[in-house]
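Below: the structure, in structure tokens.
The values are calculated or read from the model by the stated rules, or taken from the named source; none is laboratory data. Quick caveat: nothing in here was measured; it's all calculated off a predicted structure. FYI the Cβ positions are ideal-geometry reconstructions off the backbone, even for glycines, and counts take in every protein chain you see. Areas reflect the complete protein model, heavy atoms only, side chains present, ligands, DNA and RNA absent. Shrake-Rupley method; radii C 1.70, N 1.55, O 1.52, S 1.80 Å.
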Amino acid sequence: MRKRTQMSLLVMTGLLSTGLGGCGTPKTQTAPETGNSESQSVSSSSIVKESHSVVDSSEDIITEDNYTEEDIKDAVSGIHDLYILQSADSPNLLHGICYDKDIVNSISASGSGIDLEKVGEYEVKYEVEINAEKLAEYLSSKENPKATQGGAKYTTNTTPVITITQKVSVVSETEAEKLADKDTVVIGSKNEICKKRDGTVVEEKTEIPESCKKKGTTPVSADSGKEVSNTVTTSDKKQESNTSEKKEDTKKASPTPTDKPKEEAQKDTESQRNTSASTKTTPTPTKSVPKSSSTSTPAPTKKPSTPATTAAPTKAPHEHNWVEQYTTVNIPAKTHTVHHDAVYQTIHHDAVTHEEPIYEYHQVCNVCGEDFGYGPDAIEAVGDHSAVTDHSYSSQKVCVGSTTVTDQDAYDEQRLVSEAYDETIVDEQARTEQRLTGYKCSGCGATKN
């Protein structure tokens, strides 16, 4: 309050000095920069407002204004209630959030109170750091009521932070499938989207901030910090990545036409080397015979048919004795999970009451003890009695009955009998199985499939 008074005095002094300076156009006095900004928090809402000073050039006064979630709604998209799968591994609370990088500097999320192992509702706080000058320019372009006429100039260079609180629901796997069937995004482990019951993926379209649409700029993903497109959905990205992976696998699996000749060339080269080696080590019989005597020496042509080379067929040929070969395969048990809800017992409690006596003041004879009752008739009757008998009488407190007073109303109590739990049902026990892998000859050790 003292700062505002000093600033107002400075403005008034400037106006007086301008007025005393003579004729001409008065010069506008600029308020000195204070170098700090006041901040205040509103307990009734989840938004922390940052305040800053603004110079209204039309009236030469300093005004103060507060930024709220409403002011940045065009610059940020995707901040809403979240659904997270129970026991999810490292879910990202910034999933699906985009912002205008010209207006918003950064967005962070804090969910320290979230218990991913327990189904329930929690809170997450998003802290949005903004560029005050850029937001002021955007609000002025929209003719926002908070933007002063004549081109407001913000006298602070601070970066206010607006805190937005949203609800986070940790849901079970069954509830996640139900939500996914309704096209609701449920974040699973490592930022993956939970699938529907039929195995399809929930289509998630990127929300583009309104300010980016108007300016034609590309927003930034708070999740990855990279620029995002407004035409690609989550399911399209996964299909594209799967297609590209399949193409790469196909390229790796099948050699290119240029690779095949190389392999064949290597095989040809090796066969040539083997042929040349055998040629050097085993000279042919024709090399020992001169060319001119080829017609007069027929002996070399008859050597392949000599009886010495046909001695082997006298032995019986080997017959394979194929023996089946098996391997042991461990087959795990087949199970399914059955969820059991918590069991409660209703216990009825009766009302707790007590009786309180009701008293009246009766006219009673002090001598004979006769009770003449209550009211004017009783007074008259006891008076007559006293006149006849000369007995004295008095007004005495007499209990005439009782009334029931309720100390506690009747109520029903829900008492927990057993906690909710998941039961694993074994459909088939684990077992081992002998599977045929091929055949092996018991004599020579040869194998075949």
Checklist entry - Just for the range 335-361: of the residues that are in contact with a Lys or Arg (Cβ under 9 Å, 6 or more places away or on another chain) and surrounded by 10 or more Cβ atoms within 10 Å (Cβ to Cβ), which one is farthest from G373 (Cα to Cα)? => result Y344
Checklist entry - Any chance the range 419-427 includes a residue that's closer than 30 Å to P332 by Cα, in contact with a strand residue (DSSP E or B) (Cβ under 8 Å, 6 or more places away or on another chain), surrounded by 12 or more Cβ atoms within 10 Å (Cβ to Cβ) and not basic (K, R)? => result yes
Item to check | Residues that are in contact (Cβ under 8 Å) with a residue 12 or more places away in the chain, open to solvent by 50 Å² or more (accessible area, probe 1.4 Å), small (G, A, S) and outside any strand (DSSP E or B), drawn from the range 362-407 | outcome: S392
Next on the checklist: Report every pair of residues separated by at least 6 positions or lying on different chains whose Cβ atoms are under 7 Å apart, first residue within the range 328-346 and closer than 15 Å to Y421 by Cβ, second assigned to a loop (DSSP other than H, G, I, E, B).
Outcome noted: H340/A420; D341/A420; A342/E419; A342/A420
Item to check | Neighbours by Cβ (under 6 Å, 6+ apart or cross-chain): first from the range 89-103, free of Cβ contacts under 8 Å to residues at least 24 places away in the same chain; second not in a loop (DSSP other than H, G, I, E, B) | outcome: none
Checklist entry - Within the range 410-422, is even one residue modelled with pLDDT of 90 or more and more than 30 Å from I347 (Cα to Cα)? => result no
Item to check | Residues located in the range 318-331, provided they are open to solvent by less than 100 Å² (accessible area, probe 1.4 Å) and of a type outside the set (A, V, I, L, M, F, W, C) | outcome: H320, N321, E324, Q325, T327, T328
Checklist entry - How many of the residues making up the range 418-449 are assigned to a strand (DSSP E or B) and either among the aromatic types (F, W, Y) or on the phi < 0 side of the Ramachandran plot (or both)? => result 21
Checklist outcome for this item: Inside the range 396-449, the number of residues satisfying the requirement of being closer than 30 Å to G375 by Cβ and in contact with a Pro (Cβ under 7 Å, 6 or more places away or on another chain) is 2
Checklist entry - Which residue pairs have Cβ atoms closer than 8 Å, lie 6 or more positions apart in sequence or on different chains, and pair a first residue in the range 168-184 that is under 15 Å from S87 (Cβ atoms) with a second residue that is part of a helix (DSSP H, G or I) and hydrophobic (A, V, I, L, M, F, W, C)? => result V171/L179
Next on the checklist: Looking only at the range 63-102, filter to residues that are assigned to a strand (DSSP E or B), open to solvent by less than 20 Å² (accessible area, probe 1.4 Å) and in contact with a His (Cβ under 9 Å, 6 or more places away or on another chain); which one of those is nearest to E137 (Cα to Cα)?
Outcome noted: Y67
Checklist entry - Counting only residues that are modelled with pLDDT of 90 or more, surrounded by 17 or more Cβ atoms within 10 Å (Cβ to Cβ) and part of a loop (DSSP other than H, G, I, E, B), how many does the range 202-235 have? => result 5
